[in-house]
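Worksheet for the structure shown next.
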Amino acid sequence: MKKISLTLAFALILIAIPIATHAFELKTSPSVYVAEDEIIIGNFYAAGNNITIDGMIDGDIFVAGQNIVFNGSTTGDIFAAGQTITINGKVGSSLRAAGDTININNDIAGSVHAFGATITQTKDTVVNGDFFFGGALGEFRGKIDGDLHGGGAIVVLAGEVTGDVKMRLDERIEREGKGIKVEKDDKDFPLYVYDSAVIGGNLYYSAGKAGEISEKAMIAGKVGHSFPDKADRRDLAAWKAWHGLFSIFSSLVIGLVLISLWREPIKNLTDKMTARIAPAIGIGAIIMILTPIIALLLVFTIIGIPLAIILTVIWLIAMYIAKVIVGILIGRIVLNKIWEKKKDSLIWAMIIGVILIWLLTELPLIGWLLSIIAIWWTLGGIWMMCKKA
């Protein structure tokens, strides 16, 4: 019940992302910088290669970029997506981060949801809530005033967790008949619990081999380890739910970048798609089928290889952002019907539409078909806009 409640709570947080009605600031540039003496009242949106925030944000932060460094302070949440995300300043509420490397070097007043290859919480930092993670390597050396849940290949626990720890770790195992044995040459462990670790509740993990747990570590509850075959199947379902919620968050970040950089073209594109639905879907279906065939033929010409690569990349990008574009379109229709005051707000349209399109495409039996139609619709719309049809 607790896990279900947490999942629903996270879903509601994503659905109800707070967008200030009158006060917000948007910055798009290869390099975005908020100076130390700068104070921004309202939500802050930024997209760029390098984003550095040294000032104070009195609201939520939504950022997408290659390198994101937060040195200042905020009264709200941080939503960040990038290659490297470094949190050096204090976060007044929760942190939602997705990237290759995520470093938490200061206190978080709320919970943390982090997805990345490497996730690190340094010593002397405090997360005043639950910590949910997914990544190859997770290092937790500070204090987590709540539960620690997630999955990864290797996890290091060297700090304090006041609640329970429950994880799915590296599942590499070697089978012999009906039994299971650990890989003989694998000297690494999926879990390291150091002398300094303090766990106020239970420690349970599923992994292909037992972890290395120091006898000096203070664990108040029980310690449990199971092999993947014996793991609770509900954990897998919960992990799929987290993956779905992460997909929504990623789509919202992508939508923010698209709106920031191409606001008017997106309006024109969705208008074109709405005005000519059937032609757009038909043209999109043809483009989806013919593009890889044309790219393959270009490869055989040798001199056409660069063009084939460019064509394939554009085709893949268009298909990837298709749900976001259709989501914005649907959101604009919904706002026009039920919230006329905000009918011109692409951000609200994006939030509402992305969530609706994700729910529709997750429906059993027909979800896959709706996903394909969304791709066709977007490809056809882009083609018509470029051709000014």
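Would you check which residues across the stretch 194-204 are surrounded by fewer than 23 Cβ atoms within 10 Å (Cβ to Cβ) and of a type outside the set (Gly, Ala, Ser) and list them?
Of the residues in the stretch 194-204, the ones surrounded by fewer than 23 Cβ atoms within 10 Å (Cβ to Cβ) are 194-196, 198, 200-202, 204.
Once the filter is applied, which keeps residues that are surrounded by fewer than 23 Cβ atoms within 10 Å (Cβ to Cβ) and of a type outside the set (Gly, Ala, Ser), the stretch 194-204 yields 194, 195, 198, 202, 204.
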The one condition residue 127 fails out of (1) closer than 24 Å to residue 74 by Cβ; (2) touching an Asp or Glu at 6+ places or on another chain (Cβ under 8 Å); (3) at pLDDT below 95 is (3)
Just give me the residues in the stretch 373-389 being without any contact (Cβ under 8 Å) to a residue 24 or more places away in the chain and surrounded by 17 or more Cβ atoms within 10 Å (Cβ to Cβ), in sequence order.
-> none
Just need a number here: residues in the stretch 308-366 that are assigned to a helix (DSSP H, G or I), charged (D, E, K, R) and surrounded by fewer than 20 Cβ atoms within 10 Å (Cβ to Cβ).
-> 4
Tell me, which residue of the stretch 151-184 that is surrounded by 16 or more Cβ atoms within 10 Å (Cβ to Cβ), at pLDDT below 90 and among the acidic types (Asp, Glu) is nearest to residue 136 (Cα to Cα)?
-> 170
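The values are calculated or read from the model by the stated rules, or taken from the named source; none is laboratory data. Since this is a predicted model, take the numbers as computed values, not measurements. Counting neighbours? That spans all protein chains shown, and the Cβs are built from the backbone with ideal geometry, glycine included.
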